[in-house]
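Structure first, then comments.
The values are calculated or read from the model by the stated rules, or taken from the named source; none is laboratory data. All values reported here derive from a predicted model rather than from experimental measurement. Here the Cβ is made from the backbone with ideal geometry for all residues, glycine too, and neighbour counts use every protein chain on show. The protein model used for the area step is the full one, side chains on, heavy atoms only, and it has no ligands, DNA or RNA in it. Shrake-Rupley method; radii C 1.70, N 1.55, O 1.52, S 1.80 Å.
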Amino acid sequence: MAASSRAQVLRLYRALLRESQRFSSYNYRMYAIRRIRDAFRENKNVKDSEKIEELVNKAKANLEVIRRQCIIPY
């Protein structure tokens, strides 16, 4: 798999934030947003393409989890 481009990573970041806004509970919503921002900030200087791919795949999996959790009523 080719290295993720900056545009792909930014698109994933925006999708994660957008989906997090769908949490009905303020606490869950703010926790998810904070974790997403912190994780992307923490890993913004990663240069290793394998590590970047691993992080992108992890973020995609987290996006699917957020999508599933937003569907479940509290």
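Around Asn43, under 14 Å between beta carbons, what's the net of Lys plus Arg minus Asp minus Glu among the other residues? Please report the intermediate quantities before stating the final value.
Working: positive: Arg6, Arg35, Arg37, Arg41, Lys44, Lys47, Lys51, Lys58; negative: Asp38, Glu42, Asp48, Glu50, Glu53, Glu54.
Once all neighbours under 14 Å are counted, the net charge is +2.
Each label point was placed 7 Å from the Cα along the Cα-to-Cβ direction; for Arg6 and Arg67 their separation is 2.7 nm. Accessible area per residue was computed with a 1.4 Å probe on protein heavy atoms; Ile72 scores about 90 Å². How far apart, in nm, are two points set 7 Å out from the Cα along the Cα-to-Cβ line at Asn27 and at Val46? Result for the modelled spin labels: 3.0 nm. Stretching the chain fully between Asn57 and Arg14 yields a gain of 14.0 nm (0.36 nm per residue, less the alpha carbon separation).
Across the chain, Cα pairs under 8 Å and at least six residues apart give a relative contact order of 48 percent.
For the chain, state the semi-axes of the equivalent ellipsoid (square roots of 5 times the eigenvalues of the alpha-carbon gyration tensor), sorted largest first and rounded to whole angstrom.
Numbers: eigenvalues 119, 31, 17 Å².
The three semi-axes for the chain are 24, 12, 9 Å.
Below 20 Å, Cα to Cα, which aspartates and glutamates can Lys47 reach? Residues fewer than 8 away in the same chain don't count. Within the straight-line limit of under 20 Å, Lys47 reaches these aspartates and glutamates: Asp38. DSSP loop trypsin sites (Lys or Arg not before Pro) in the range 14-74 with at most 15 other Cβ atoms within 10 Å of their Cβ, which ones? Sparse-neighbourhood loop trypsin sites (Lys or Arg not before Pro): Arg22, Lys44, Lys47. Its alpha carbons give the range 34-74 an Rg and a Dmax of 12.5, 40 Å.
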